[in-house]
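The values are calculated or read from the model by the stated rules, or taken from the named source; none is laboratory data. Please read all numbers here as calculations on a predicted model, not as lab measurements. Because the Cβ atoms are built from the backbone with ideal geometry, glycine has one as well, and the counts that use them run over all protein chains shown.
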Amino acid sequence: MQKLYQWMPGLSALINYQKEYFNYDLRAGLSVAAVSLPVSIAYAELTGVGAIAGLYSTILPLIAYALFGSSRQLIVGPDTATCAVVAAVVIPLAADNPILRWQLVIVLTIMVGLWCIVAGKLRLGSLADLLSRPILIGLLNGISLTIIIDQIAKVCGFKYDNAIFFERILSLPFKITDIHFATAIVSILTLAILISLKKFKPRYPAPLVAVIIITLLSWIIGFDQFGIHIIGQLSNEVIPFSSWADFDAGLMRELVVPSLNIAVICFISMMITVRSFAAKNNYDTNADTEFKALGIANIVAGLSNGFVVSGTSSRTAVNDVNGGKTQLVSMIAAAVIALVVMVLLPPLQYIPSAVLGIILIYSSWSLIDIKTIKRFFKQNREAFYLSSCTLIAVLLIGIIPGMALSVLLGLFLFLRRVFRPSDQLLGVDDDGRIHSLGNKVQPVDNVIMYRFNSPLTYFNIAYFKKRLISLVDESPNPINYVIVDAIPCFTYQDVSVLMGIDELVHSFKSRNTILILAGRRRTLKRWFKEINIYLDENYIEFAYDLYFALRVVQSKEHMSESDNPDEE
């Protein structure tokens, strides 16, 4: 049973459920369902498939994550960033074929799930600690702005003549005469409802209230007779099994790389939400378990004719604000949405498309985070440039190529840091403690203490050697000893690195300088011995740590003074 609980953490919470949590979970579950219903339909419109697919993407994934996830509060479902990326991948491949588009979305969703399952099996959840926040901030800003400009046409009742972001912005002044005023009025009324509820009744599910009010007006007045587009008849439709016989399996090749990219995006955004709410409510989560849970949620989404899901910060926040305690919140929300699909579909046909467009704009606006990019400018220029380049690339060349370019740029920046990492010269303060050189930290006479802030490997050992030799040669005073903090830079056995150290010892020999490696003493000696490198013991020492290395220097200096007493 313990192994089953390890595989399904949520099952343990449900079996050992505390009854006093039920009222909190019931209220939170109803609130989550209220918010999820309209936005799921809106995201289906964004993805380019039928509105019913948005509801299919919500029901089973909620249940799957509740059983397999390690977060007590995370709510999974369609997400702004992932849906925009899915649309950018699938729509060009499917052209104007709605069945093929839906098929590609399903296949892509299952592939995303499989990538996540594989990553979880390989215990790649630790990648969450290495993910670049600047890239994510730039990507979310770029996607949000793209969605807002794209949905402006829907909420104003006109169509763009081109697909490029900046060309669409430039064309907006010339589209004023094409605005369908009845559609625009509906959009303005919807936005007014959303803003008013946020200001005066922030705990109300504003998107649901707006959809209910406008849908009632649409049903009573008959919006379609005024040329206002509504989503139309809905049914519990699924793709006919027979249509899969005509599916071109060769198109799956086009989905391999995008599905991997989407899996990474989903995991990034999900883990930020998972860790934020886990820290707030003082419980632990497991990144590998989250990877597998995300994979299972996407596989069941695809098998139920839905599309890609991820962790949603807005709906998770709704859960938290309403006091949700356990995974039962997801179960309750899934049950409510399933009930809507079974008995309340007919009223949904009266929802105006402009309402869904406003909801998407409203949701996307909340994701725009220019303040963080400005903060990067003050705190870390490299992060600022990376985030800004990601934002500009997404807007300039599109979501998929922009994302690929930003990831590549991030990789280049990482490699540059490894090739040419930062370093530090160390000294001793008045209390004998070792720190970076500064006003109260002075260098030791005739000694260079050096820290290289990166693992040594075959592509930076040459820079390491050059840096140390230049420090010795450029010193105004003779340098008899170079102490290297070996702990951060000697992390694994690299033949090129060890041979480079041998070459460095020979270079120091000609300068009458002794190299002391401080830290990993036994490990380093064993590594050199295993590859048969025999160092000149007169010009290299191995010390346990930096303080021991200084004592070695003091001992050698004392011995030197004893052998060569000062002449009076």
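Tell me, please, whether a residue that is of a type in the set (Lys, Arg), modelled with pLDDT of 85 or more, surrounded by fewer than 16 Cβ atoms within 10 Å (Cβ to Cβ) and more than 19 Å from the chain's Cα centre (by Cα) can be found in the range 64-74. Among the residues of the range 64-74, not one is of a type in the set (Lys, Arg), modelled with pLDDT of 85 or more, surrounded by fewer than 16 Cβ atoms within 10 Å (Cβ to Cβ) and more than 19 Å from the chain's Cα centre (by Cα), which makes the answer no.
For the range 389-403, state whether one or more residues are under 24 Å from PRO478 (Cβ atoms), in contact with a helix residue (DSSP H, G or I) (Cβ under 6 Å, 6 or more places away or on another chain) and in contact (Cβ under 8 Å) with a residue 60 or more places away in the chain.
Residues of the range 389-403 under 24 Å from PRO478 (Cβ atoms): none.
The answer is no; no qualifying residue exists.
Candidates in the range 202-238 are the residues that are in a loop (DSSP other than H, G, I, E, B) and β-branched (Val, Ile, Thr); of these, the one that is surrounded by the most Cβ atoms within 10 Å (Cβ to Cβ) is ILE228. Residues in the range 399-427 that are outside any helix (DSSP H, G or I) and either of a type in the set (D, E, K, R) or buried (at least 17 other Cβ atoms within 10 Å of the Cβ) (or both): ARG420, PRO421, ASP423, LEU426, GLY427.
Looking at ALA404, is it touching a Pro at 6+ places or on another chain (Cβ under 6 Å) and either closer than 26 Å to ALA163 by Cα or not assigned by TED's automatic domain parsing to the domain that holds SER454 (or both)?
Details: touching a Pro at 6+ places or on another chain (Cβ under 6 Å): no; either closer than 26 Å to ALA163 by Cα or not assigned by TED's automatic domain parsing to the domain that holds SER454 (or both): yes.
Answer is no for this residue.
Helices (runs of 4 or more DSSP H) fully within the range 1-77 that include at least 2 residues being closer than 12 Å to ILE332 by Cβ: 22-47, 51-68.
State yes or no: is ILE359 closer than 30 Å to LEU255 by Cβ and within 19 Å of the chain's Cα centre (by Cα)? For ILE359, the condition - closer than 30 Å to LEU255 by Cβ and within 19 Å of the chain's Cα centre (by Cα) - is not met.
When you check ARG375 against the structure, is it farther than 29 Å from CYS156 by Cβ, at pLDDT below 80 and either part of a helix (DSSP H, G or I) or not assigned by TED's automatic domain parsing to the domain that holds ASN141 (or both), yes or no? Walk me through it before giving the result.
On the way: farther than 29 Å from CYS156 by Cβ: yes; at pLDDT below 80: no; either part of a helix (DSSP H, G or I) or not assigned by TED's automatic domain parsing to the domain that holds ASN141 (or both): yes.
Here the answer is no, as ARG375 does not meet what is asked.
Determine if the range 76-90 includes at least one residue that is polar (S, T, N, Q) and more than 13 Å from VAL308 (Cβ to Cβ). Step through it out loud before you land on a result.
Just the residues of the range 76-90 that are polar (S, T, N, Q), to begin with: 80, 82.
Pick out the ones that are also more than 13 Å from VAL308 (Cβ to Cβ) and you get none.
No, there is no match, as no residue in the range 76-90 is polar (S, T, N, Q) and more than 13 Å from VAL308 (Cβ to Cβ).
I'd like to know if the range 289-306 contains one or more residues that are of a type in the set (Lys, Arg) and touching an Asp or Glu at 6+ places or on another chain (Cβ under 8 Å).
Start the filter on the range 289-306 by keeping residues that are of a type in the set (Lys, Arg), which leaves 292.
Narrowing the set further to residues that are touching an Asp or Glu at 6+ places or on another chain (Cβ under 8 Å) leaves none.
No, there is no match, as no residue in the range 289-306 is of a type in the set (Lys, Arg) and touching an Asp or Glu at 6+ places or on another chain (Cβ under 8 Å).
Within the range 24-61, count every residue that is out of contact with any helix residue (DSSP H, G or I) (no Cβ under 7 Å at 6 or more places or on another chain), at pLDDT 90 or above and closer than 20 Å to THR316 by Cβ.
Looking only at the range 24-61, we keep the residues that are out of contact with any helix residue (DSSP H, G or I) (no Cβ under 7 Å at 6 or more places or on another chain), and these are 24, 27, 52, 56.
Applying the additional criterion that residues be at pLDDT 90 or above yields 56.
Pick out the ones that are also closer than 20 Å to THR316 by Cβ and you get none.
Number of matching residues: 0.
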